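Heads up: the structure comes next, in structure tokens.
The values are calculated or read from the model by the stated rules, or taken from the named source; none is laboratory data. Since we're looking at a predicted model, the values are computed, not measured. Note that each Cβ is placed from the backbone with ideal geometry, even for glycine, and that neighbours are counted across all protein chains shown. Areas reflect the complete protein model, heavy atoms only, side chains present, ligands, DNA and RNA absent. Shrake-Rupley method; radii C 1.70, N 1.55, O 1.52, S 1.80 Å.
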Amino acid sequence: MTAQKNHEIHLTPKLLDYDNPAFYVKEVKDNRDNKSQIGIVKKGFFNTRRPATFEQDFETTLLNYYQAAVPRGSYQRPITIQINQLKIQEKTDLTTEYAIVTLDADYYFKGQLIFSDKRDRKVNSLDVTNMHAAIIRNVLAQSIKAFAASGWLEKIDDEKTVAKS
């Protein structure tokens, strides 16, 4: 009898290049229904199903990612990102495997919802299990860039915005 082991995903952050870096991520809130895992992977020749988790807890992993990807500056505003869904899946057909990452995130400034983003990415290969970290980073980066380009500054009531105008 062997105990079922988790497949741990290490999310190495990478500095993002995007227009209008007027924010930093102060907090990540985990609003997912299933907080015990981020999905199921199929490992090895027999595609043994294993729960996938991050090496650290969910909120810490994502906050570390965002703080490295979007470093804090002196005039940036603090943003909270609420993750409603971050899920990975693997699907297999006769000749290939598919890795699917789904993200549903809400962006808040001082408790005010200023942007919502839903996206997914599907990648195929012979074996996709080790591709999930890169796909998650890509989906998170695309979401941040979409937020940065969303015109969110016009939606907030903030002294710095008024003074800047």
Candidate set from the stretch 32-61 (those that are over 26 Å from Ser125 (Cβ atoms) and hydroxyl-bearing (Ser, Thr, Tyr)); member that is most open to solvent (accessible area, probe 1.4 Å): Ser36
Using the structure shown, decide if Tyr24 is assigned to a strand (DSSP E or B) and in contact with a helix residue (DSSP H, G or I) (Cβ under 9 Å, 6 or more places away or on another chain). yes
Which residue pairs have Cβ atoms closer than 6 Å, lie 6 or more positions apart in sequence or on different chains, and pair a first residue in the stretch 60-78 that is of a type in the set (Phe, Trp, Tyr) with a second residue that is not in a helix (DSSP H, G or I)? Tyr65/Leu11; Tyr65/Pro13; Tyr66/Val25
Reported set for the stretch 62-77 where residues are more than 13 Å from the chain's Cα centre (by Cα) and open to solvent by 50 Å² or more (accessible area, probe 1.4 Å) is Pro71, Arg72, Ser74, Tyr75
Filtering the stretch 88-114 down to residues that are over 13 Å from Lys42 (Cβ atoms), open to solvent by 10 Å² or more (accessible area, probe 1.4 Å) and out of contact with any Lys or Arg (no Cβ under 8 Å at 6 or more places or on another chain) yields Leu94, Thr95, Asp106, Tyr108, Lys110, Gly111, Leu113
